[in-house]
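Here the structure is laid out as structure tokens; the discussion comes afterwards.
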Amino acid sequence: MAALSIRALSKRYANLEVLKGIDLDIESGEFTVLVGPSGCGKSTLLNIVAGLDRASDGTIEIGGRIVNDVPPKDRDIAMVFQSYALYPSMTVRQNITFGMECRGVAKAEQEKALANVARLLQIEPLLGRKPSQLSGGQRQRVAMGRALVRDPLLFLFDEPLSNLDAKLRVEMRMEIKRLHQRIGATIVYVTHDQIEAMTMATRIAVMHRGVVQQFADPDTVYRYPANLFVARFMGSPPMNTMPARLEADSNGPVVVIGSGRPDEVRLRLQGYDAAASYVGRDVVLGIRPECIAEGDRVFSGAVGPPVMVTAPVELVEPTGAETIVLLRLGGEPAQARISPDIRPTPGTTASFALDIRRICLFDPETERLIA
Amino acid sequence: MRDRSFTPSRALIYLIVTLFAAAYLAPLVVVVLNSLRTNEEIAQSSMIGWPQNWAFGNYAMAWSGFCVAETCAGIRPYMLNSALITIPATIFSTLLGAVAGYAVSLWRFRGDNWIYGIVTLGLFLPQQMRLLPWTIVLRDIGLINTLSGLVLIHTIQGLSFTVLFCRNYYVAIPHELIRAARIDGAGFFRIFWRIILPLSAPILIVTVIWQFTHIWNEFLYGVTFTTGQQQPVTAALIALSTPVADIPKQGVQSAAVIIAALPTLLIYLFGGRYFVRGLTAGAVK
Amino acid sequence: MTDVASTATRPGRSATSEMVRRLPEFLVIWVPLLLSAAHLISFSIWTIWISFTPSTLIPVTGWVGLRNYNSVLASRNWQIAFDNLLLFGIAFVLLSLTTGLLLAILLDQRIRGENVLRTIFLYPLAVSFVVTGTVWSWLLNPGIGIEKLAHDLGWTSFHFDWLVNRDMAIWTIVIAAIWQSSGFAMALFLAGLRSVDSDIIKAAQIDGAGPVRTYWRVILPTLWPITVTVIVVQLQFAISAFDLVRALTNGGPGIATQLPALVVYDLMFQRSQLGRGAAAAVLMLLILLAVLLPYAAWRYVRQRRAAHA
Amino acid sequence: MPITTTRRRLLAGSAAALALPAFARAQGAVKPRLTAISQWSAGSDGAAITALGKKFEEKGGVWQHSPVPGFTTDMMNKLRAQIIAGDPPACSQLKGPEIAAWSKIAPTVDLDAVVAAAGYEKVVAPDLAKLHKPAGKWIALPLQIYSTNMLFLSKRGMDKAKADKVPVTWADFNDLAEKMKSAGMAYPIANGGTRADDGQKFEASLAGISPTAYRAACMNLDKKALEGPEMKAAFAQTRKISDWCDPNVGVQPYATNLKRFVDGDMGMLIMGGWAQGVLKNAGFKFDDYVITPGPSDNGKPVFLLNADAFIFWQRKEADLQAGQMLMAQLVMDPAIQTMYSQITGSIPVRTDVDLTGAGWSDGQRTTAAALKNAMGNNQAVLSLAHNMAQENGLTAAIIDVITEYVKNKTIKPDEAVSRLAEAVEGAR
């Protein structure tokens, strides 16, 4: 049974359509991340699921029950907010038990639930404090505690980590993921940070302009982005995309970057049968930075000699763990991710190995993935 | 610019501030001094002067001595009347204004902007214009010559101010707080009572101070809609200050002014700090 | 934000009980707001209606067209009141604005005794206009006030008779009004100054701006919204000024310090010409609208811009 | 809304009319009660009405007086509110032509029977009586009389100026003022600067120059008289008076100057008899000053009549009706009028009261004699400045011109005359 089903959901404000026919099915126990740039409609979608906003059209089912007309408190959900939305005038204890108080849960039961959650999140020492006396990470925990104590069918997270500093964000990310693994809850998590999406999700829904662009597990989203938007949005640095031309000779399809230039790059593709109809046409070529590496790299699982190109180096960014190189492929800019101890000199040329198995081709008109 | 070292320019700042403070205090000082001078002494010299014979009797006279026609009880009974009008009207207009401001700012509903706009326009509608309509309204609901009638007037008229300031204050409260509470299952009133009200101290102080001083100092409605022993303290003050058939009693009058202004002055003295804070939160939106 | 009302009014079996359950909150929101709005609208309409009737002592029915308006507009009282309003309105608003700003800037210099000083500048707000008018009429009266004091102290050439000088009397009202209400402007400006981002002040100092330039170019421009609020509040004070003038000059000497609010009251209640008084009140409302509409438009544009940003 | 007012008023009125025959019985059966509104709250006015209330209570009545402190306007607002509410006081302060105006908006009590029983009509000045029976029936009763143009002379001031002759005409007055000025008084005249005070300066001037012109212009609003030469002369005299007043007094009342007047720093005061009560309350003695009728160019006293009165509003409650009858009897009672006038400094309305007793001052005797004399010569006229000559709207419009003229010395008398005529036209 799907924990959450969204059917043909749309939302209009006056003359602005912010959600255009969303369909999503989320299974029980899944950790779904809604990711997209700001203004893509992901937070609106979450608010509609929570019952804090109304859909203009479509239905929402939680646990098999249509909840369009059910007020938020009766939807069996819990929510963690970006600003945490801790009640400033209440102590941590009161913040966590407020929902139970509203539902009229017996005092003893409230205490038991509170104790469990406090232990789980290790916030026992904070229970008597006011939110203003807590650090950012502590507030975040309390906000989660307030959600956890409800033991709901569905957890909703609205960019809960965006107010934390980088180090704390990584810690909390792991903690949330661990928590999910431990309690097996169903989570819908909204973020604009694709790393959070990649690291935590069991499935990612990438949203853009009120439409779900792709809804799949993280690997699929990463390796086979459904369109150019997803390709450029996911990954850091993002996928290199460049205009190219698909040609074919007797041995199969060849993609040419900077066709006709003296430094044109010709890459022979294997297993790209779906692209056959594009032969002789322009396409957009996508290649992840990690698929362009120093010349002596051997890509795992590769058979035969690697495909090598020589390209001018424009800029070198060592990050410590790796070196990012900005280079030109057939005149088009591209980023490569090479070993940290290799530092090519800008202004010279160097040779790079390409993992052409993971090249994506997109239709330049529809921007959809071809192969 | 904001250092604390003592320089000629800082000396100048202190000088200017002191001069201003003196000018602002001067009227109060004059009234206090006059409240300690006899009427004769004031008449013989001028309004500004140091008391020659300390006339503390002025205060006894003002508090419980002087006569308004048959009633020779000073301003004491009228102080009580003013309190009976001012305190309930302040509480009602503040609470209703807070609830309405909360509703308008955090729970949008159809027509909210319109009604909010009209209500705040009330700040600008001249008082004199409303006197006769209120007469007719009070007559029709049977509240003329009752303190309840005045409480009603001040409550309804006060809403213009309280709704405006509370609303402006509440729009700064994060909406997520309300959303979280709704998911927790709290309704309109519980959210107001448990979450909004505890955050409202600064703005409630502003509205309470504002309403209290305005209602306490009001005269026109006070004398028109009450009778005899119910009149507010401003009426008793006027009885002292516009003598048609009497020599001016500026000594007693000054003492009465001080006593009558004491509640509002104390409110400003103790609430002034919060007033500034809340005023800003409420006004600049 | 959420459209709660429409959630509740969606038709259906549960909607009715939902309505009943939420009745108390609708009552608490709507009853006071509607009462307040209804009294404002009906009182205004009533006054407009009266302004077209021949009412004198009490309201009566009848229709006299624009006669009341013509007679008010033709009267010297109204003409003087209108001119005074222009002068008083502009002078008072500008001066209380600058006084309030100056005091706020001075208090912003982290000076000692700030709390005491702030209370001193604010306390006049607590005093009733009647008292303010009476006390200032003592102080400003040359026969018994400041001038007398100066003469008694031996400074016999000192001359300050604005209160009894019909050309200058309006300025005594300006003085008393500034004394009473500049604390309000100061409070708003002070809080505005305190909320200026300290980083931009540091940036200005690094750019080499002195204190004056920092205030003038960097800090004061951020106070613009507060300034508009102060202007509107003070303007409405100026337009409806009544008790203060009645106690300070009662429109005199002669009729030199008449103001529209005084004329309205005088016509309606002193002269028992309700119809004319109502006409004057409507004219006063029109003056108010002339001030408020541009302000409303400005706010609207600002909000639209903010919404788009 | 006015429509309902009318219906209620009619209902209340007819109910009261039906109850009228029960009057006599009612009076015996119930404890008389009186609700009253006045602005008399302080000083001698307050003291006098308090004494009246005591008498009312002595006669077994319940006295419920609501003083409305402040300006007359505030009292009238209160009265209007009560009338609109259908709950007028049994009796309220009201004077002059306002009695006629207000009697049109609510039913009043027909006092003819009780006035006849007291024989009051015969002892009241005819001009005055007319104001209190606007439709031919008595509905209001005058209580006390002042002349607004009595001339107060400071004894010490006279000594200082070495003057012993009481001025009779404006010429005498002007001479005396100059004499006082050259004797070192910077400001020989002690009048104040309120609107009513400015009005008094003018009405005293005009009535003193020609009571006939005053009657025609100020009481009958005769267009020719309003533009007549006497008006111009009156304005010129007014300018002289105001030039002798302390400009620093601003809009303060004359009472501010009383001490300087008694001390002889100021010599003369044109004021109503109520100033006697004020002087007495301030602790000054009767022999500090002399009271004489205001200057009159024909040598015979001119009396500018100002009378306070009570109007009686119809009520259907038996105890209030009984109270009204009791109050009416009291107001007309010579003993009560004596008591009242002795407190306030006025003279009784009744011309048959004997003022030779010890409780009366020379000033009051002079005033009473002046009234008698003026009535005989048809020189008793109604005060404009104190709302006896015209309804408030007209009075205010006229006073506007006068007070502006007094305060603005650049306005020429000619200009003032034409402005006054315009103002009368505009206010009508």
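Descriptive notes on the structure:
- Relative counts (whole %) of C-alpha pair distances in region D:198-251, using bins that are 10 Å wide: 27, 49, 19, 5
- Highest-MSF residue in chain B out of B:PHE189, B:PHE219, B:PHE20 [GNM, Cα springs under 10 Å]: B:PHE20
- By the Cβ distance rule of under 4.7 Å, chain B has these cysteines without a partner: B:CYS166.
- Here is the list for region D:197-260: GluC sites (Glu not before Pro) lying in DSSP coil, each with at most 16 other C-beta atoms within 10 angstrom of its C-beta, are D:GLU227.
- With every protein chain in place, chain B: carbon and sulfur % of accessible area (1.4 Å): 71 percent
- Exercise: per-residue mean of other protein chain Cβ atoms within 10 Å, C:254-261: 4
- Across region A:6-129, the relative contact order, built from alpha-carbon pairs under 8 Å that are at least six residues apart, equals 19 percent.
- Top positive-direction residue, dipole computed over the protein assembly as shown with Cβ charges, set B:CYS67, C:THR257, B:LEU143: B:LEU143
- Theoretical ellipticity at 222 nm over chain B - DSSP helices of four or more residues, -39500 (n - 2.57) apiece, nearest 500: -22500 deg cm²/dmol
- Buried accessible area, chains C and D (both chains, 1.4 Å probe, Å² to nearest 100): 2800 Å²
- Local electrostatic count, A:THR97, Cβ distance below 13 Å [Lys/Arg +1, Asp/Glu -1]: +3
- Neighbour-limited loop hits for trypsin sites (Lys or Arg not before Pro), region D:158-255 (at most 12 other Cβ within 10 Å; DSSP other than H, G, I, E, B): D:LYS162, D:LYS165
- Three-way shape label, chain A, alpha-carbon gyration tensor, a/c 1.5: prolate
- Counting Lys and Arg as +1 and Asp and Glu as -1 over every other residue whose Cβ lies under 15 Å from the Cβ of C:ILE231, the net charge comes to +2.
- Association of chains B and A removes close to 1900 square angstrom of accessible area from solvent, both sides included, for a probe radius of 1.4 Å.
- Theoretical ellipticity at 222 nm over chain A - DSSP helices of four or more residues, -39500 (n - 2.57) apiece, nearest 500: -7000 deg cm²/dmol
- Rolled with a 1.4 Å probe across the full set of protein chains, the surface gives B:HIS175 an accessible area near 60 Å².
- Relative contact order (percent, whole number), chain C, Cα cutoff 8 Å, 6+ residue spacing: 28 percent
- When the alpha carbon coordinates of region C:69-308 are projected onto the principal axes, the ranges are 64, 59, 27 Å, largest first.
- Within chain D, the proportion of Cα pairs with more than 27 Å between them is 52 percent.
- The accessible area of A:SER43, taken with all protein chains in place and a 1.4 Å probe, comes to roughly 40 Å².
- Cβ-Cβ FRET estimate between A:ALA2 and A:GLU317, R0 fixed at 51 Å, reported to 0.05: 0.70
- Largest to smallest in accessible area, the residues C:MET19, D:MET76 fall in the order C:MET19, D:MET76 (1.4 Å probe, all protein chains included).
- Residue among B:SER200, B:SER160, B:SER35 with the largest mean-square fluctuation in a Gaussian network model of chain B, springs linking Cα atoms under 10 Å: B:SER200
- For chain A, the relative contact order comes to 15 percent (Cα pairs under 8 Å, sequence separation of at least 6).
- Stokes-Einstein diffusion for region D:297-396 at 4 °C, viscosity 1.567 mPa s, with a Kirkwood radius from C-alpha pairs, works out to 83 µm²/s.
- GNM flexibility winner over chain B from B:ALA98, B:ALA256, B:ALA186 (Cα, springs under 10 Å): B:ALA186
- Spin-label model, A:ASN116 to C:PHE158: label points 7 Å out along the Cα-to-beta-carbon direction sit 8.2 nm apart.
- A quarter of the convex hull surface defined by the alpha-carbon atoms of the protein assembly as shown gives 67.6 nm² as the mean projection.
- Each semi-axis of the equivalent ellipsoid for region B:8-60 is √(5λ) with λ an eigenvalue of the Cα gyration tensor; in descending order they amount to 32, 10, 8 Å.
- Size of the B/C contact, given as accessible area buried on both chains, probe 1.4 Å, in Å²: 8300 Å²
- Mean silhouette area of region B:76-284, derived from the convex hull of its C-alpha atoms and averaged over all directions, reads 13.7 nm².
- Cβ-based net charge around D:THR338, under 10 Å, with every Lys or Arg adding one and every Asp or Glu removing one: -1
- Cleavage-rule hits, chymotrypsin sites (Phe, Trp or Tyr not before Pro), region D:261-339, DSSP coil, Cβ neighbours within 10 Å at most 13: none
- A 1.4 Å probe run over chain B, with the rest of the protein chains in place, finds 35 Å² accessible per residue.
- Buried on assembly, region C:169-203 (at least 30 Å² less accessible surface than by itself, 1.4 Å probe): C:TRP179, C:PHE184, C:ALA187, C:LEU188, C:ALA191, C:ILE201
- For chain D, carbon and sulfur atoms together expose 56% of the accessible surface, with a 1.4 angstrom probe and every protein chain in place.
The values are calculated or read from the model by the stated rules, or taken from the named source; none is laboratory data. The shown structure was predicted, so the numbers you read here are calculated from the model rather than taken from an experiment. Neighbour counts run over all protein chains shown; Cβ positions are idealised from the backbone, glycine included. Remember, those area values only see protein heavy atoms, side chains included, never the ligands or the DNA or RNA. Shrake-Rupley method; radii C 1.70, N 1.55, O 1.52, S 1.80 Å.
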